[in-house]
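What follows is a short report on a single structure.
The values are calculated or read from the model by the stated rules, or taken from the named source; none is laboratory data. Quantities reported herein were computed from a predicted structural model and do not represent experimental measurements. Here the Cβ is made from the backbone with ideal geometry for all residues, glycine too, and neighbour counts use every protein chain on show.
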Amino acid sequence: MSSLLRGSLGLVAALAGVATAVPAYAETTINALFMAQAAYSEQDVRSMAADFEKANPDIKVNLEFVPYEGLHDKTVLAQGSGGYDVVLFDVIWPAEYATNKVLLDVTDKVTPEMDKGVLPGAWTTVTYDGKRYGMPWILDTKYLFYNKAMLAKAGIDHPPTTWDELAADAKLIKDKGILATPIAWSWAQAEAVICDYATLVDAYGGKFLDAAGKPAFQTDGGLKALQYMVQTVKDGITNPNSKEFLEEDVRHVFENGEAAFALNWTYMYNLAKDPKESKVSGDVGVVPAPGVTGTSTASAVNGSMGLGITTTSKHPDEAWKFITYMTSQPVQNAYAKLSLPIWASSYDDPAVTKGQEELVAAAKVALPLMFPRPTTPKYQELSTALQVGIQQAVLGTSSPEDALQSAVDNSGL
């Protein structure tokens, strides 16, 4: 063998040795917990994550979905095992999650472009004590949906702008024999009923807590809100099954033509307009939730949700990369038929507004008004106590006054 050939073979061997010394391609897996209902569907979230993985081949996203009712406890229980890197959280949880160190403070990660581009009201979703614990993702409030054909049949020429007008319209529809129980609500003993109640508390100018953090919903606007709910039951204009309904139940009832009015989140709009989903697809109207004469022109509850990084995450940088992708304007705009974007300039984009002009018009009124549920580390205890109290009142087993006082006594505040 010639010295040249020996030298060439030696070089190949050396290069082969170098090649085997290079570490194998590394892939980081992050675990993310999402909600299996409302706004974006599970398939939508999977599609978003798949697109993220294509753009970031070194990061794999392992998705898990639970119903809203299990989201909080699943997040808290997983802290012991460090199970999740990214979690979806409700606007009501940052106080508790910050106090108990469940989520990372990401204030320093928010760029000036993010800060200025996102709607100011959206930032309240992820903020506690001046610090940000994630990015807003689902920007949402409850709107009043109405059946245009039913209103026209009753001789009503415009949707109600006050809650008293809504009750009067519902009574007219009932009295004319168009529909026996025209209003559908989400009043099951769950967080859903707190959102309906909060919308009315906002309309009546009430508040949940006073300046000292003590309950204040048992008087004034908080009491008037529950009295209104109870009165609609007594008047026979509220569907009695509302006491067991969650939001999806309300959607199905409305889509089946069994409600003239319904309070629900953004996601119902395009589903109710879809002839494959709905029997009333051509008759769907939407406006901001009504106000109260002399007190408010409209009402809205903050039902938004954010994406945050857990304090136990071993991959916070990759988690933040995923969150900023999921909340980015291009992704939000692409899925705007399911949840309206958090970005202010999106509302001037025809691709976002086309086909849902009525909803966008309602959103422009409602989103700046979003009323917060109480900000307290003891929110879960307060919410549970209120859910029980409201149920007692609408079932007629307790007066609104006694029901709310009982909620105060059991709130832990």
Quick check: is even one residue across the range 226-233 within 23 Å of the chain's Cα centre (by Cα) and free of Cβ contacts under 8 Å to residues at least 60 places away in the same chain? no
Inter-residue pairs, beta-carbon under 9 Å, first farther than 19 Å from residue 358 by Cα and assigned by TED's automatic domain parsing to the domain that holds residue 287 and in the range 150-177, second of a type in the set (Lys, Arg) and in a helix (DSSP H, G or I), 6+ apart: 173/153; 176/153
Taking the condition of being in a helix (DSSP H, G or I), farther than 30 Å from residue 189 by Cα and in contact (Cβ under 8 Å) with a residue 60 or more places away in the chain, how many residues in the range 54-75 meet it? 1
Qualifying positions in the range 161-185 - over 23 Å from residue 252 (Cβ atoms) and either in a helix (DSSP H, G or I) or within 31 Å of the chain's Cα centre (by Cα) (or both): 161, 162, 163, 164, 165, 167, 168, 171, 172, 175
Could you grab me the full set of residues in the range 80-111 that are buried (at least 17 other Cβ atoms within 10 Å of the Cβ) and not aliphatic (A, V, I, L, M)? 83, 84, 85, 89, 90, 93, 94, 96, 97, 105, 109
Residue match in the range 281-291 (condition: within 20 Å of residue 356 (Cβ to Cβ), surrounded by fewer than 17 Cβ atoms within 10 Å (Cβ to Cβ) and modelled with pLDDT of 95 or more): yes
Among 395, 340, 404, the single one that is within 30 Å of residue 158 (Cβ to Cβ) and either at pLDDT 95 or above or touching a helix residue (DSSP H, G or I) at 6+ places or on another chain (Cβ under 7 Å) (or both) is 340
Filter the range 189-246 for residues that are under 15 Å from residue 166 (Cα atoms) and not in a helix (DSSP H, G or I) and give the result. 204, 235, 236, 237, 238, 239
Filtering the range 76-96 down to residues that are outside any loop (DSSP other than H, G, I, E, B) and either out of contact with any helix residue (DSSP H, G or I) (no Cβ under 8 Å at 6 or more places or on another chain) or not assigned by TED's automatic domain parsing to the domain that holds residue 313 (or both), which residue is farthest from residue 194 (Cα to Cα)? 78
Of the residues in the range 345-386 that are surrounded by fewer than 16 Cβ atoms within 10 Å (Cβ to Cβ) and of a type in the set (Gly, Ala, Ser), the one that is nearest to residue 158 (Cα to Cα) is 361
Could you identify the single residue in 129, 108, 115 that is among the acidic types (Asp, Glu), assigned by TED's automatic domain parsing to the domain that holds residue 332 and under 24 Å from residue 386 (Cβ atoms)? 129
Could you please find all residues in the range 310-350 being touching a residue at least 24 places away in the same chain (Cβ under 8 Å), in contact with a Pro (Cβ under 9 Å, 6 or more places away or on another chain) and farther than 17 Å from residue 52 by Cα? 310, 342, 344
Restricting attention to the range 36-53, does a residue exist that is touching a residue at least 60 places away in the same chain (Cβ under 8 Å) and in a strand (DSSP E or B)? no
Just need a number here: residues in the range 105-126 that are within 24 Å of residue 267 (Cβ to Cβ) and either of a type in the set (Ser, Thr, Tyr) or part of a helix (DSSP H, G or I) (or both). 7
From 201, 193, residue being in the same structural domain as residue 250 (by TED's automatic domain parsing) and more than 21 Å from residue 249 (Cβ to Cβ): 201
